[in-house]
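Read through the structure below, which is laid out as structure tokens, and then see the notes.
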Amino acid sequence: MSLLASLPLYPLLSFLILISFGKRLSWVMASWVSVGAMAAAAFCSMYLVHQLSTSDTSVITAHMWQWFSIGNAKVNVSFYLDALSAVMILVVTGVGFLIHLFAAIYMKSDENFTRFMAYMNLFIVAMLVLVLADNLVLLYLGWEGVGLCSFLLIGFWYQEKSNVLAARKAFIVTRIGDTAMAIGLFLLFKSLASLNIAEINQLAQTTISFTSNSMNAEHSDAYWAALLLLGGALGKSAQLPLQTWLPDAMAGPTPVSALIHAATMVTAGVYLIARMNGVFLMAPEVMNYVAWLGGTTLLIAGVAALAQNDIKRVLAYSTMSQIGYMMLALGAGAWSAGVFHLMTHAFFKALLFLTAGAVILALHHQQDIFKMGGLLKRLPVEATLFLVGLACLIALPGTSGFFSKEAIIASLWSSPTAGPSLWWCAILGALLTSIYSCRLFFLAFLGKARFPENLVISDHIETNKLLRGALFILALLSLFGGLVTVDLSSLFSSYKPSVVSSIDSPSWLHVVAITTPFIGIIFSWFYYRRYRIVTDEPLTVSHSAWIVFCRNGLGFDTLYSRLLIKPYCFIAKLNKNDVFDQILMLIAWYVRIWRDILSVSQSGSLRWFAAAFGLSLVGLICVVIL
Amino acid sequence: MTEIPLTHVLILSSLLFIIGFVGVVVRKNTLFMLMSLEVMLNAVGVAFIGAGSVWQEADGQIMFMLILTLAAAEVAVGLALLIRMQRRYRTLNIDVLNQMKG
């Protein structure tokens, strides 16, 4: 079996071991198995990527077996590794390995430790299947697999009702997108008679019936297919209008937030669109929607992040907004910039989440930033690491976030499917990013310590070199990951010549883009002055209507509750006794009546039987004779 | 020896049979039910003997032998069951045995 085919096997084996032997394994054993499997997978993928870059072919494939066939189209279980999936497997296994390492220590005292690590491993398996799949059905399998693991891990501490509700919400909201995506797959198969990704991308460009409008239809099949695939991507990547599940998903343990809801799974939507670029290129309107949805989401999430109190929710909204940037890049046709940002974002967001996890653990599970403050002196290492992560998030020059975000912003102005207005969106988003990052840092690490005086900062973290090690590697990756140039342009087919516009970008664009974060920092340095200086006057959490509105994610939850959930519950309540069920129950009722009548005759009394026997004999004889 | 007409034999046999049947249905005590069963069997036996003597054939008497044997076997099993019942339920009331109620 080739190395590529065996890549998901390591975490799968580890999952099987952990789930079958469960509590019989000691902490040391369980973490060796799960983290070891991840290390093996990470080394394997590094070797594979090395092999890919040195070999002549730009693709490595591994065919395992045929899953099923529909007509002439075969659906195989086979893997396909090109530059795009290479980036993804590096992120998934590399960042995944570091997060597993962190999680093994972070979750050490949890009584369900093995179950946790098993789910994490299963997630990696599903994610690898997703990114390596060579056809859309296998991709869908991985897609659903990561959704399942996300559900299991958000609700990991299922004893608390809010966690279970958050898990359910995430599952249902992403399911809406998944349904759209499934219909998209059917449509693609109907019009192109293939499910192989490479074939679809090629056929999409050449099949005329796919791209042209049929007689009385307003839009071509390509338009609908791209729109439906976009639906799936929106659900998984928490973009408008299916973004509401992500902030609640922070109910899961912090390593889960880092791995699934920041670094890997939520970027699956970005991966899907980049992967299906052939289809999206044939539908420029949909590309335009992608760009606009990304732009809107990044602004909404940025505003919402400004008003959050929970350190993890700030990061969740910032994830949403960064994915908005990726979507914006994809919509503008800057595929490699989007994927590049996906990679650097995975590094620094994992770093931010894990450092936040370390801080939360040190403060005995305090997540409210208004109850932190002054941590720079108490936890200097964590504070520095967090600062590194934030610098990347803000995209200060020199950090990895800078390279990727600038690449995105630079591509927007002259793109035929984006344009200047979206460029301003991105700039405004960058401004918001730097403001909420500064607010977060000031509140958590500067100013007066607002946690109880007698709180002992637990030195659980202090002693663990291993945990710090994982954080340091991530910090290095965040700082210097941008120096790796990811050139995927050869991979993606470019626009049709007819739609390439000739708008030139003015020269001042770059200056504005680079200075924006600094403007944000200077602004918040003065605006949030009371957050960073040590004063005796207590900080009050604002409860003005506007702030609360922003804190609740700009009212989307309320809107959906009014618009969808309430009417649905109302209808369900009306039909509580299920009218159709009652009709069917008539049959059961009829049968039961007869049962009752007949069972009376079965009295069990011998004398009654004898009497009935004799009398019926007499009756029978009478009938025969007369 | 005066000939007994067949009708008389049949009337006697029917009366005996009905008495036996009513006994089976009415009595609660299992022992008496068994005895009534014997009465019913013998009623049939009377009918066979009477018919045999009217037609001057030995078949009726042979059938009676068979019925006697059957009755003996039946009583053996029945009495064994009675003893088990007495041991287990401390009563011979047949209505106690109604666990097969539907």
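Give, as residue ranges, the helices (runs of 4 or more DSSP H) completely inside the stretch A:260-315 that count at least 2 residues that are closer than 23 Å to A:Phe556 by Cα and among the β-branched types (Val, Ile, Thr).
Per the criteria, A:284-306.
From the list A:Thr417, A:Thr399, which one is farther than 20 Å from A:Glu285 by Cα and crowded, with 24+ Cβ neighbours inside 10 Å?
That would be A:Thr399, the only listed residue that is farther than 20 Å from A:Glu285 by Cα and crowded, with 24+ Cβ neighbours inside 10 Å.
Please determine whether any residue of the stretch A:210-224 is modelled with pLDDT of 85 or more, assigned by TED's automatic domain parsing to the domain that holds A:Leu122 and in a helix (DSSP H, G or I).
Yes.
Of all residues being polar (S, T, N, Q) and over 20 Å from B:Val25 (Cβ atoms) in the stretch B:72-102, which is farthest from the other protein chains (Cβ to nearest Cβ)? Just the residue, please.
Taking the candidates together, the pick is B:Gln86.
For A:Met320, state whether it is assigned by TED's automatic domain parsing to the domain that holds A:Ile547, farther than 21 Å from A:Gly357 by Cα and either aliphatic (A, V, I, L, M) or not in a loop (DSSP other than H, G, I, E, B) (or both).
When the stated conditions are applied, A:Met320 does not pass them.
Scan the stretch A:600-613 and report the pairs whose first residue is at the interface with another protein chain (Cβ under 8 Å from one of its Cβ atoms) and closer than 12 Å to B:Asp95 by Cβ and whose second residue is at pLDDT 80 or above and part of a helix (DSSP H, G or I), with Cβ atoms within less than 6 Å and a gap of 6+ or a chain change.
If the second residue must be at pLDDT 80 or above and part of a helix (DSSP H, G or I), the pairs left are A:Ser605/B:Asp95; A:Leu606/B:Ile94; A:Arg607/B:Val25.
Checking the condition in a helix (DSSP H, G or I), at pLDDT below 90, among the hydrophobic types (A, V, I, L, M, F, W, C) and touching a Leu at 6+ places or on another chain (Cβ under 8 Å), which residue from A:Val75, A:Val49 passes?
On inspection, the qualifying residue turns out to be A:Val49.
Tell me yes or no: at least one residue of the stretch A:580-590 is surrounded by 11 or more Cβ atoms within 10 Å (Cβ to Cβ), away from chain B (no Cβ under 14 Å) and either within 30 Å of B:Met40 (Cβ to Cβ) or without any contact (Cβ under 8 Å) to a residue 12 or more places away in the chain (or both).
At the first step, the residues of the stretch A:580-590 found to be surrounded by 11 or more Cβ atoms within 10 Å (Cβ to Cβ) are A:585.
Those left that are additionally away from chain B (no Cβ under 14 Å): A:585.
If we keep only those that are either within 30 Å of B:Met40 (Cβ to Cβ) or without any contact (Cβ under 8 Å) to a residue 12 or more places away in the chain (or both) too, we end up with A:585.
Taking every residue of the stretch A:580-590 in turn, at least one turns out to be surrounded by 11 or more Cβ atoms within 10 Å (Cβ to Cβ), away from chain B (no Cβ under 14 Å) and either within 30 Å of B:Met40 (Cβ to Cβ) or without any contact (Cβ under 8 Å) to a residue 12 or more places away in the chain (or both).
Of all residues in the stretch B:55-67, which are among the small types (Gly, Ala, Ser) and either within 11 Å of the chain's Cα centre (by Cα) or surrounded by 14 or more Cβ atoms within 10 Å (Cβ to Cβ) (or both)?
The one that is among the small types (Gly, Ala, Ser) and either within 11 Å of the chain's Cα centre (by Cα) or surrounded by 14 or more Cβ atoms within 10 Å (Cβ to Cβ) (or both): B:Gly60.
Can you name the residue in the stretch B:26-54 that is more than 13 Å from the chain's Cα centre (by Cα) and more than 25 Å from B:Thr7 (Cβ to Cβ) and, of all such residues, is farthest from the other protein chains (Cβ to nearest Cβ)?
Only one residue tops the list, namely B:Asn29.
For the structure I just gave you, tell me whether B:Gly20 is within 14 Å of chain A (Cβ to nearest Cβ) and among the small types (Gly, Ala, Ser).
Values: within 14 Å of chain A (Cβ to nearest Cβ): yes; among the small types (Gly, Ala, Ser): yes.
Spelling it out, B:Gly20 is indeed within 14 Å of chain A (Cβ to nearest Cβ) and among the small types (Gly, Ala, Ser).
The values are calculated or read from the model by the stated rules, or taken from the named source; none is laboratory data. A quick note: this is a predicted structure, and the numbers were derived from the prediction, not measured. Every residue, glycine as well, gets a Cβ built from its backbone with ideal geometry; the counts of neighbours run over all protein chains shown.
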